[in-house]
Amino acid sequence: MRHTHGTERWRARDSINEALVNVYRGGAIMVAVIAIIVGVTAAAVAGDLTAGNRIVASEATYIAAGGDLIIARPGNDGSLDASACARVSTVNGVIRSFSLDVEVGAAAIAGRPEVQQTVVTATLPVVDLLHISNMTATDVVASRILADRWSWQVGSIVGLEPSDIERPVVPTGLRTVVAVRDLELLSEGASTGLLTIRPAVGPTQSCFVQVQRAYRDDIIAALPALLAERADQPVQVAPRLPEGRFAQNSAHDFDSRPTRFVGLGAGVVAGFLWTVVMWMRRGRAALYASLGVPWSGGVLIRWGEGVVVTVSGLAWGAILGAVLAKMHGLEGWDVTSIVAGHVFVAVAVDVIVVVVAALWKPAILFALKDR
Amino acid sequence: MRLVASDVRVRYPRARHEVLRGASCEVLQGQSLAIVGPSGSGKSTLLGVLGGLISPDAGQVEIQDGHARGISGNVRPRNVTAWVFQTMNVLAERSALDNVMVAALVRFGNREAAREEALRCLDAVELSEHTLVPTRALSGGQVQRVVIARAMASGRPFILADEPTGQLDRATSQRVMDVLVNTGDPVGIVIVTHDPDVAERCDVRVRIDDGRVVPL
């Protein structure tokens, strides 16, 4: 019989092998732990994605109402230059800019001479804001109110005549309704108007600028200088929507949402759940130690078991959470980076907890007699 | 080789009295020693001291080999003793072979050699028919024989058994003892027991009395 006194023959790969086999053969306890972690993580991730989705939807509503529009107007009875307004679109952070004029009662509708029709003229970038394609100079966009009133629809032919023969300020002639839109997005006065396209030259009443949220304040500050024809010309700049009513900062709301730490929470739960399981299975740790497996080998076994179980639970939970959120109306925004971020944080926290807990040194005799 | 405890004293934290008060005993390789005594007398504590799992407050435990008194270096009681407990200390979901192989793997560091030795030891305890059966599916007596096979496979010269038949019926106890005292390997065995029949099977019998070891 050959007697061996040391434990130096135990290798790291033996520990890894033991950990994997223990998990594979672990049966109900491993399934239960993974199921709990999957459930907690799925609920957490689905909750955060749902919260994020609410913010995204709110932002979409806000933008649809004109929340990202800034309006510049002359500070006196003068006008702004439409070509200067067009050049604003080249500024960093500007999505688009267009001139817009509202002429109340400027036209009459053929066949209805009693109607004093409001006409809105705007430069071409307005069609992108209104999500209209292929609009030409002979087309008009009918406001929803107007379309409902006169039963106009896409393709209807509208005859426009000047209401004041001495003030022919609007295009006239036969026009085709190319789209029906809620023009209140542009201004209260436009809500009952007909919108036509005008060239980006000449004077204009106002310059609409659609901006990215991060650049909003800088652009508001810069617009007077960009639009004033003279250094002393006053230019008033204001958001399309009154501050305080719909004013919101979706990026800030998203970054500060309370559920953004769910990955951290899931990692802590997974790590501490495994710590409890390790404590319940302390006899096994003592058993390996009593057989001569060195402390470092025991740590590696406990660490390997914990990481395999908890990380797989976290990963599957995150995937399930994303799927559940998708099934319950998650819209088309990119959630991959959010889910990946949660998984990264959860795994990092979980691994730290599991590793620290695995460093525990069992009291061999008492753990073995305690079973 | 002999395992020697000399004048060992142990007091547990918050205990009013010492549980061992100068206990001394020794066991030789190839010899079996039974320690008997009432509950709480310190039998298991002495076993823990012999196995290096409890540090005595005073006294010492030595491994003496041939001409040299005491062996230094890596040879400590922890490294020359294998344990058999009353309760079933096995990896329940793992097979009998897996359980025994862990001890053999520590010994050999080679899976093939460990497997070969594990199969030999399972055969020695008459469990070669059950090598791939999860230990949770085995009877109490079979599990205890797996534990004995594991102790044998460790290659350690001393086996310390704490009430190894405490949860078994008489017939099964006999069979387990048959296996334990007839391993075929020259191991020293220390058995803590309440069972006079088990003690009777050992070469040397001692009793713990008032914290000291006295011959029966």
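A few remarks follow.
- Each residue in region A:253-298 was checked for being surrounded by fewer than 18 Cβ atoms within 10 Å (Cβ to Cβ) and aliphatic (A, V, I, L, M), and 4 of them qualify.
- The sole residue among A:Leu130, A:Leu174, A:Leu183, A:Leu194 that is more than 30 Å from A:Leu227 (Cα to Cα) and in contact (Cβ under 8 Å) with a residue 12 or more places away in the chain is A:Leu174.
- Members of region B:106-123 found to be within 14 Å of another protein chain (Cβ to nearest Cβ) and either surrounded by fewer than 24 Cβ atoms within 10 Å (Cβ to Cβ) or on the phi > 0 side of the Ramachandran plot (or both), listed by number: B:Phe108, B:Gly109, B:Asn110, B:Arg111, B:Glu112, B:Ala113, B:Ala114, B:Arg115, B:Glu116, B:Arg120
- A:Leu365 vs. criteria buried (at least 19 other Cβ atoms within 10 Å of the Cβ), under 30 Å from B:Thr81 (Cα atoms) and not small (Gly, Ala, Ser): yes
- A:Asp77 vs. criteria crowded, with 20+ Cβ neighbours inside 10 Å, more than 14 Å from every other protein chain (Cβ to nearest Cβ) and within 30 Å of A:Val237 (Cβ to Cβ): no
- Scanning region B:124-151 for residues that are among the basic types (Lys, Arg) and surrounded by 19 or more Cβ atoms within 10 Å (Cβ to Cβ), we see that the one that is farthest from B:Ala82 (Cα to Cα) is B:Arg145.
- Where a residue in region B:63-82 is under 19 Å from B:Gly30 (Cα atoms) and its partner, wherever it lies, is modelled with pLDDT of 85 or more and of a type in the set (D, E, K, R), with Cβ under 7 Å and at least six apart: B:Gln64/B:Arg2; B:Gly70/B:Glu62; B:Val80/B:Arg156; B:Thr81/B:Arg156; B:Ala82/B:Arg156
- Selection from region B:83-103 of residues that are within 8 Å of another protein chain (Cβ to nearest Cβ), farther than 19 Å from A:Ser15 by Cβ and not in a loop (DSSP other than H, G, I, E, B): B:Trp83
Table: residues versus (1) out of contact with any strand residue (DSSP E or B) (no Cβ under 6 Å at 6 or more places or on another chain); (2) part of a strand (DSSP E or B).
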site: A:Ser97; (1), (2): no, yes
site: A:Glu103; (1), (2): no, yes
site: A:Ala108; (1), (2): no, yes
site: A:Glu114; (1), (2): yes, yes
site: A:Gln117; (1), (2): no, yes
site: A:Thr136; (1), (2): yes, no
site: A:Ala142; (1), (2): no, yes
site: A:Ile145; (1), (2): yes, no
site: A:Asp148; (1), (2): yes, no
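- Just one of the numbered conditions (1) free of Cβ contacts under 8 Å to residues at least 40 places away in the same chain; (2) more than 13 Å from chain A (Cβ to nearest Cβ); (3) farther than 22 Å from A:Val21 by Cβ is not true of B:Leu127: (3).
- Some residue of region B:108-123 being assigned to a loop (DSSP other than H, G, I, E, B), in contact with a helix residue (DSSP H, G or I) (Cβ under 7 Å, 6 or more places away or on another chain) and modelled with pLDDT under 95: no
- Whichever residue in region B:21-30 is crowded, with 18+ Cβ neighbours inside 10 Å and out of contact with any Phe, Trp or Tyr (no Cβ under 8 Å at 6 or more places or on another chain) and, among such residues, is farthest from B:Gly188 (Cα to Cα): B:Ala23
- Count of residues meeting criterion [part of a helix (DSSP H, G or I), touching an Asp or Glu at 6+ places or on another chain (Cβ under 6 Å) and polar (S, T, N, Q)] in region B:12-62: 1
- Qualifying residue in region B:3-19 (condition: buried (at least 20 other Cβ atoms within 10 Å of the Cβ), under 17 Å from the mean Cα position of the chain (by Cα), away from every other protein chain (no Cβ under 13 Å) and small (Gly, Ala, Ser)): yes
- Among all positions in region B:152-159, there is at least one residue which is part of a helix (DSSP H, G or I), within 11 Å of chain A (Cβ to nearest Cβ) and at pLDDT 85 or above.
- Flag for A:Ser256 being closer than 23 Å to A:Leu129 by Cβ and either under 35 Å from the mean Cα position of the chain (by Cα) or in the same structural domain as A:Thr50 (by TED's automatic domain parsing) (or both): no
- Residue check, B:Gln167 among the polar types (S, T, N, Q), more than 10 Å from chain A (Cβ to nearest Cβ) and in a helix (DSSP H, G or I): no
- Scanning region A:134-143 for residues that are surrounded by fewer than 16 Cβ atoms within 10 Å (Cβ to Cβ) and either out of contact with any Gly (no Cβ under 8 Å at 6 or more places or on another chain) or of a type outside the set (S, T, N, Q) (or both) returns A:Asn134, A:Thr136, A:Ala137.
- Residue within region B:20-41 that is within 14 Å of chain A (Cβ to nearest Cβ), under 18 Å from B:His194 (Cβ atoms) and modelled with pLDDT of 90 or more present: no
- In region B:175-188 there is at least one residue matching the filter, namely being among the basic types (Lys, Arg), modelled with pLDDT under 90 and part of a helix (DSSP H, G or I).
The values are calculated or read from the model by the stated rules, or taken from the named source; none is laboratory data. Predicted model only: the values in this text are computed from it and were never measured. For neighbour counting, all protein chains shown are included, and Cβ atoms are generated from backbone atoms with ideal geometry for every residue, glycine included.
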